[in-house]
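The values are calculated or read from the model by the stated rules, or taken from the named source; none is laboratory data. Just so you know, these numbers come straight off a predicted model, no measurement behind them. Heads up, the Cβs are rebuilt from the backbone with ideal geometry, glycines too, and the neighbour counts pull from every protein chain shown. Protein only, heavy atoms only, side chains kept; ligands, DNA and RNA dropped before computing areas. Shrake-Rupley method; radii C 1.70, N 1.55, O 1.52, S 1.80 Å.
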Amino acid sequence: MQQRKSLFLNTSATLGFIFLYAPIIALIVYSFNKSKLVTVWGGWSLKWYSALFNNEQIMTAAWLSLKVAFISASVAVVLGTLAGFVLSRMGRFPGKLVLSGWITAPLVMPEVITGLSLLLLFVAMEGAFGWPSGRGIGTIIIAHSTFCLAYVAVIVQSRLSAMDESLEEAAMDLGAKPFSLFFLVTLPLISPAIISGWLLSFTLSLDDLVIASFVSGPGNSTLPMVIFSKVRLGVTPEVNALATIMIGIVALGVVGAIWQMRRQNRMMNRLD
Amino acid sequence: MNAPVSLNIPGQKPVSGLGRLIYTLRHLSIGRWTVISLPSLWLAVFFFVPFLVVFKISLAEPTISIPPYSSLLEWDPEESFATLKLNLGNYIYLFEDTFYLEAYLSSIRIAAVSTFFTLLVAFPMAYLIARSKSTTRILLLSLVILPFWTSFLLRVYAWMGFLKKNGLINEFLLSFGIIDQPLTMLQTDFAVYIGIVYTYLPFMVLPLYTALEKMDITLLEAAEDLGGRPMQNFFLITLPLAIPGIIAGCLLVFIPAVGEYVIPALLGGSDTLMIGKVLWDEFFLNRDWPMASAVATVMLIVLVLPIMLIRNTNSGKEAF
């Protein structure tokens, strides 16, 4: 009986992993396809990679997306860390419930609503104060920072509440001022959460199509916007090459993170 | 909170008069209020106020100007008198035209069916991960998270290559003689289900894993000793203990799936009706900003708000 159960479990879990990876692997393999037709195999070739790097539209959009993602992730980390800190370390204050609701709401808000509402806000603000004049990189960064802030806040908050407060209390007893307490004790302790929050924000921003489509102005197409319009128009083997490069970078990052984690574990074991 | 090492424990009011005074002063410091108000102000301006703007514009009339909607306050310079003009027409139209109602219902149906299948696919994976050794566990968890870090759009695009008429699945089935006509899979609701299950799978696996990992394995052993059959043990012990994870995972998949735009736009057919797509088309194709705002307002009030309230009172937060 036990045997049969684990066989069923293993099979269905394996099928789940195959389901998760089959399209990605097919995408990678076909990025090296010589033929223009995605389904016909014409032998190995790197021509779609050179086509990709010679495609100025994609390269410009990629550069814009990287800039937006970098700045948004950085803004989101500063505001999100503050928000997470406020929720877990500031005790009670009027409006805390409202703030914690606001912080978690963007996590589940449908993107079309977030995008539409931010655009309408920008248009209304432009009408009222003349700022932001038109839409472009600035409005995309504000929009992305806002929804990434929520993810950073949740990660930082859970790290802080899992953490023992005694270190901070000890520092306070030794006379640390709130400012130095935060920068010398709390910040180093939550740095893993901040780093993962930054990385998550960076990828979320790099990936976002819907919100960027609403809040970007003409001539400010991010990479997902360009990919989306290309994909809708039809066969685009360069996109396979682009996807493969992005998957490769992410895979390297994850492998690096696992390696780092195992090294840390080994060091901890040695210390014990 | 641990043993009170210091006298000033943040968040706990001292009882004595002097202590309370110090507490109040300390907690009213400029630094503290800067720290609180910075993220609060940002969220107020860029997250909360936008909804008020959406609601306001949903009461306006579409006009051919920039911005393409009428002002609610009409100022009469001669009389120095302002009149508030509210147009409920968008909402009336929303409920009169069955198209919108159908779109809301069909989004809920598609999201619910997809959420159910996501749960079915995710459960064995989460269970296997939770029950494996710590080194394999890290590897399997990374395998689940890895696709989440790659572009969502490109993963949906990968499925287009799988599902289309001359795509890999059809080629495979044809070459083995299982079918003799290529199946139409792309541009159907079926493709949308697959797309949602596929892209939201990590959101289901992770909370399920968190719940299952916390589960006390000795409960299952005890049940087995008492003669419980595997199926019985699963439904009477494992499943009830996984419920917080199931709820969290289902909400994380269901809510964004209801408003999904990209998946129905790329994988769905012209008859696939989802409210996210309707809102998008209303905005970008018809350029009817007030109508799009009305669609968003109803979506927010009917679909998102109740679920968010449940989520806040529930243990859903554990998912993160």
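Kindly indicate which of A:Gly95, A:Gly138 is over 16 Å from A:Gly80 (Cα atoms) and surrounded by fewer than 18 Cβ atoms within 10 Å (Cβ to Cβ). Working first, answer last.
Numbers: A:Gly138 fails: surrounded by fewer than 18 Cβ atoms within 10 Å (Cβ to Cβ).
Within the list A:Gly95, A:Gly138, the selection yields A:Gly95.
Here's a check for you: in segment B:281-293, which residue that is more than 9 Å from chain A (Cβ to nearest Cβ), open to solvent by 10 Å² or more (accessible area, probe 1.4 Å) and in a helix (DSSP H, G or I) is farthest from A:Asp207 (Cα to Cα)?
If we filter segment B:281-293 for residues that are more than 9 Å from chain A (Cβ to nearest Cβ), which is where we start, we get B:281-282, B:285-288, B:290-291.
Retained after the next criterion (residues that are open to solvent by 10 Å² or more (accessible area, probe 1.4 Å)): B:281-282, B:285-288.
Next, only the ones that are in a helix (DSSP H, G or I) stay: B:281-282.
Working: B:Asp281: 21, B:Glu282: 24 Å.
Residue satisfying both the conditions and the ranking: B:Glu282.
Give the number of residues within segment B:257-280 that are open to solvent by 30 Å² or more (accessible area, probe 1.4 Å) and in contact with a helix residue (DSSP H, G or I) (Cβ under 9 Å, 6 or more places away or on another chain). Please lay out each step first, then the result.
Step one: filter segment B:257-280 for residues open to solvent by 30 Å² or more (accessible area, probe 1.4 Å), giving B:270-271, B:273, B:277.
Next, only the ones that are in contact with a helix residue (DSSP H, G or I) (Cβ under 9 Å, 6 or more places away or on another chain) stay: B:271, B:273, B:277.
Of the residues in segment B:257-280, 3 are open to solvent by 30 Å² or more (accessible area, probe 1.4 Å) and in contact with a helix residue (DSSP H, G or I) (Cβ under 9 Å, 6 or more places away or on another chain).
What about A:Ala193, is it at negative phi, open to solvent by less than 40 Å² (accessible area, probe 1.4 Å), modelled with pLDDT under 90 and not in a helix (DSSP H, G or I)?
no
Has segment B:206-225 got at least one residue that is open to solvent by less than 10 Å² (accessible area, probe 1.4 Å), away from chain A (no Cβ under 14 Å), in a helix (DSSP H, G or I) and at pLDDT 85 or above?
No: zero hits.
Can you find even one residue in segment A:187-207 that is within 8 Å of chain B (Cβ to nearest Cβ) and more than 25 Å from the chain's Cα centre (by Cα)? Quick ask: steps written out before the conclusion?
In the first step, residues of segment A:187-207 are kept if they are within 8 Å of chain B (Cβ to nearest Cβ); the result is A:203, A:206-207.
Add one more test, that the residue is more than 25 Å from the chain's Cα centre (by Cα), and what stays is none.
The answer is no; no qualifying residue exists.
Out of the residues in segment B:123-143 that are more than 7 Å from every other protein chain (Cβ to nearest Cβ) and open to solvent by less than 40 Å² (accessible area, probe 1.4 Å), state the one that is farthest from A:Met261 (Cα to Cα).
B:Phe123
For segment A:160-176, which residues satisfy the criterion of being surrounded by fewer than 20 Cβ atoms within 10 Å (Cβ to Cβ) and within 29 Å of the chain's Cα centre (by Cα)?
Kept after step one, since they are surrounded by fewer than 20 Cβ atoms within 10 Å (Cβ to Cβ), are these residues of segment A:160-176: A:161-164, A:166-167, A:170-171, A:173-176.
Those that are surrounded by fewer than 20 Cβ atoms within 10 Å (Cβ to Cβ) and within 29 Å of the chain's Cα centre (by Cα): A:Ser161, A:Ala162, A:Met163, A:Asp164.
Determine which member of the set A:Ser31, A:Ser72, A:Ser45, A:Ser35 is polar (S, T, N, Q), at pLDDT 90 or above and open to solvent by less than 30 Å² (accessible area, probe 1.4 Å).
Values: A:Ser31 fails: at pLDDT 90 or above; A:Ser45 fails: at pLDDT 90 or above; A:Ser35 fails: at pLDDT 90 or above.
Criteria check complete, one pass: A:Ser72.
Tell me yes or no: at least one residue of segment A:110-131 is away from chain B (no Cβ under 12 Å) and modelled with pLDDT of 90 or more.
no
What is the one condition in (1) in contact (Cβ under 8 Å) with a residue 60 or more places away in the chain; (2) in a helix (DSSP H, G or I); (3) more than 12 Å from chain B (Cβ to nearest Cβ); (4) out of contact with any Cys (no Cβ under 9 Å at 6 or more places or on another chain) that A:Ala73 does not satisfy?
Going through the list (1) in contact (Cβ under 8 Å) with a residue 60 or more places away in the chain; (2) in a helix (DSSP H, G or I); (3) more than 12 Å from chain B (Cβ to nearest Cβ); (4) out of contact with any Cys (no Cβ under 9 Å at 6 or more places or on another chain), A:Ala73 breaks only (4).
Name the single residue, out of those in segment B:170-180 being open to solvent by less than 50 Å² (accessible area, probe 1.4 Å) and under 19 Å from B:Ile194 (Cα atoms), that is nearest to the other protein chains (Cβ to nearest Cβ).
B:Asn170
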